[in-house]
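Read the figures in this text as sums done on the coordinates, not as results from a lab. Every value quoted in this text rests on a predicted model; they were computed, and no experiment measured them. Methodologically, a virtual Cβ is constructed for each residue, glycine included, from the backbone with ideal geometry; neighbour enumeration extends over all protein chains shown.
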Amino acid sequence: MTEQNTQRPDNGRIVKRLLVTVVCMFAFGFALVPLYDVFCDITGFNGRTKNEQAVVSAGEIDKSRVVRVQFITRNNKGMPWDFGPELKEVKVHPGETRVVNFLAHNRTPNNMVAQAIPSVAPGEAALYLNKTECFCFNQQPLQANSDTVMPMQFYLDPDIPEHITTLTLSYTLYDMTANATADVLAQMSSAE
Amino acid sequence: MSTAGEAIQDHDHDHEHHDHKATGVTRWLFTTNHKDIGSLYLWFSFIMFLVGGAMAMVIRAELFQPGLQLVDPHFFNQMTTVHGLIMVFGAVMPAFTGLANWMIPMMIGAPDMALPRMNNWSFWILPFAFAILLGSLFMEGGGPAFGWTFYAPLSTTYSSDSTALFVFSVHIMGISSIMGAINVIVTIMNMRAPGMSYMKMPLFVWTWFITAFLLIAVMPVLAGAVTMVLTDKYFGTSFFDAAGGGDPVMFQHIFWFFGHPEVYIMILPSFGIISAIIPAFTRKPLFGYASMVYATAAIAVLSFLVWAHHMFTTGMPVFAELFFMYCTMLIAVPTGVKIFNWVATMWRGSMTFETPMLFALAFVILFTIGGFSGLMLAITPVDFQYHDTYFVVAHFHYVLVTGAIFSIMAAAYYWLPKWTGNMYDETLAKWHFWLSLISVNVLFFPMHFAGLAGMPRRIPDYALQFADINQIVSIGGFAFGLTQLMFLWIVIKCCRGGEKALAKPWDGAEGLEWTVPSPAPYHTFETPPEIK
């Protein structure tokens, strides 16, 4: 019995440490979310582009190379807009700034809000695609039965590796009407 | 509770009345005895094994011929999902926890588990978890149908309303496992008999010790993942929803960060069981004890570095694919050490082939087959072909059924005389073994070919060219399922009576558990044994 008595506080110490580990690992599960974002931003893993305005190109254009930039779009399930790029493909020199327009048509009788999510293949190229202006930075409101032209201005970083000769930028359009931000709603009602 | 608590204190004071225990249902509800709780865990896992097995029968009946015959696709998906969840969390894991409860205190010369009341809790919340999960099947819209891996957005955007029940049941299972693991760790660290140093512990104790740390590390991550699914589905968060800035691929990273260590949680205790049985029936000490311990630890560490091999087709950079491929293949090294040690133990041993040994031998061979198909899957370029086909189904059933389940059956036959005081019926047991061995291979081996030929998993219907293979597989499945009823009968028969077992019924067996009488008294090692 005496032996067990001396062991009891010891048990408590180990249990406490193990419980702390459990709590830490639970927190770690959630910490994986921001860690994953940081990891993707640094490595371009998963084809994520930087979702913020890039600094305008310094103007150094590498005329010796041409990179094909292809555009594809798709609508998330249940998203009724017509959505597509004006051009399927452009050929650019690294460093050269280009604008490509994307066309959207809301063919429903309701005012709607959409959000486009970009993805780049190959993932490695995502690091070198700089967007100075993009409709994907914000939610996009569109009145019922109306059209809009959404510009996207970009340039490729001249440091883009030699072996990348083609990259594909894909946009998936999501219906965000139910989760629209306040300023987008204000924008839409003022337009009416 | 108070009466049970007093009863236990009485035992402590009064060594004369060792076997005095509460009667009726309260004995089981309030028990803090490691042997009672071990039995509860083992019976519970057996019932879950039969329930999950019944679901497998539904799956195999539907797949007996192409086309949709018996169940609609949505129900089929619920069957594959809940079959997986029940077998993983309801059958294999509780069976190991039951074995740990029964055997670890006896193996290290401890009177009980270190935290007996928590032990009671960790068992008694389990039936509620599975009642919730099984109950969700009867709700409108059905139970979980997104696969046991519950990938987002299947489990968020496209799941039925009962998903919250799935989430809560997984939470409860996780809490139960974590409590069980804490108990195992504290018991092993604090309750070893004097002289029982770490490197003298039986391998079953060692492998469970390492498994418990894996559980502590990854079950909370699973809890986090299901919580994120819950808030994504019901509370408007966007962890896995691209439209809100989340990423569905991230779900797979978080899930498999839990999921890969989880598969080792389901096999490391098996290694311990096999390392006890093979020396006993070979009448030789285990070859390479220390290397077994280090190999187990190495597998546990590596298990945290290989999760993305489940995700080769999600579009990872080549570097990441190579990293995860090589790390995965590296696991074959410590696993190979183990297989080598078991074979070396048998080398020139005086082998006999009682049922535990037969299951252990089948484990060594068939688990190795599952390991080899795992190596094939680890090779990134070919994984693109094998991914989500029946080849994967064949692989993980070889490691989990002929691996984990066979080792649990081997353990049951090996220790049943100690638990019940009676010998099981050796003739029936041999029948059980041979029928299981043949039917399990008829069941799972052809799945390799179906997968290589391109049959996808998780589908209720399939192209005509797979009809023959599926018919053979289903026949094997029905045979294997029915054979397990035989196991149920053998265990019941052994509990009710039979030839009386000696304290040490296997002459080559080693370990403290064989120094106490059979059946093991209600309280053992209240005075610590002396370890030479």
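Details
- Flag for residue A:65 being touching a residue at least 24 places away in the same chain (Cβ under 8 Å), basic (Lys, Arg) and over 29 Å from residue A:146 (Cα atoms): yes
- Only listed residue being in contact with a helix residue (DSSP H, G or I) (Cβ under 7 Å, 6 or more places away or on another chain) and farther than 24 Å from residue B:45 by Cα, chosen from B:177, B:136, B:155: B:155
- Selection count where residues are touching a residue at least 60 places away in the same chain (Cβ under 8 Å) and surrounded by fewer than 24 Cβ atoms within 10 Å (Cβ to Cβ), scope segment B:386-400: 9
- Among the residues making up segment B:110-119, a single one is surrounded by 23 or more Cβ atoms within 10 Å (Cβ to Cβ) and in contact with a Phe, Trp or Tyr (Cβ under 8 Å, 6 or more places away or on another chain): B:110.
- Applying the criterion of being part of a helix (DSSP H, G or I) and within 8 Å of chain A (Cβ to nearest Cβ) to the residues of segment B:184-218, the residue that is farthest from residue B:151 (Cα to Cα) is B:190.
- Of the residues making up segment A:73-84, those that are loosely packed, with under 15 Cβ neighbours inside 10 Å and away from every other protein chain (no Cβ under 14 Å) are A:80, A:82.
- Within segment A:139-180, the residues that satisfy the criterion of being surrounded by 14 or more Cβ atoms within 10 Å (Cβ to Cβ) and outside any strand (DSSP E or B) are A:139, A:143, A:157, A:158, A:160, A:164, A:176, A:177, A:179, A:180.
- Any pair with Cβ under 7 angstrom, 6 or more apart, that starts in segment A:15-31 at a residue that is on the phi < 0 side of the Ramachandran plot and ends at one that is part of a helix (DSSP H, G or I) and of a type in the set (Gly, Ala, Ser): A:25/B:217; A:26/B:223; A:26/B:224; A:29/B:224; A:29/B:225; A:30/B:224
- Residues in segment A:166-192 that are among the small types (Gly, Ala, Ser) and more than 14 Å from chain B (Cβ to nearest Cβ): 5 in all.
- Any hit, segment B:234-257, residues being of a type in the set (A, V, I, L, M), crowded, with 23+ Cβ neighbours inside 10 Å, more than 8 Å from chain A (Cβ to nearest Cβ) and part of a helix (DSSP H, G or I): no
- Condition check for residue B:355: in contact with a Leu (Cβ under 6 Å, 6 or more places away or on another chain) and crowded, with 22+ Cβ neighbours inside 10 Å: no
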